[in-house]
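Here it is: the structure, laid out below.
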């Protein structure tokens, strides 16, 4: 029960508590710390379930090649040879235009188009034989692994050619 009592000097009214609590500053800090630890642990456990999986996934995240799909192709250009030829011709005409604008000798569009189309059909040229042999060994090892897994083996020559084509433009 609270009671009001007049100060002995008669100046102020004093509030008297039935039970006096005397705590030092250190004790108050310890009480606050020990009271907040369980609350903080509970908040962490409930709120941080998948937080580690989300690290680096925000709008400013850096994407690496391993995060990207392994191969991006233009399916429209591969579907019709005429469309592919038209696109290559367009690129070559743009290249010739830029060369003319710089005052250089422009590329012969028809000859370059013929060279590019025949080169594409004949496969990669100038392949290092040691590289081709190493790729062949890797394809054979992959076929052995596929056989152990019960999968159908790949055609070795076709797979070697495909991988050499993929490796052909890596440095550019």
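Run the simple label-point estimate for residue 112 and residue 44 please: 7 Å along Cα→C-beta, distance reported in nm.
Result: 6.3 nm between the two label points.
Taking neighbour Cβ counts within 10 Å as the exposure measure, how do 95, 57 sort from fewest upward?
Numbers: 95 14, 57 7.
The most exposed by this proxy come first: 57, 95.
So what's the gap between the Cα centers of the range 102-117 and the range 140-172, to the nearest angstrom?
34 Å
How far apart, in nanometres, would the label points at residue 167 and residue 83 be if each is projected 7 angstrom from Cα along the Cα-to-Cβ direction?
According to this spin-label approximation, the distance is 3.2 nm.
The numbers here are math on the coordinates, done by the rules we state, and not lab data. On a predicted model such as this, the values are computed, not experimentally measured, just so you know. Cβ sites come from the backbone with ideal geometry, for glycine too, and all protein chains shown count toward neighbours.
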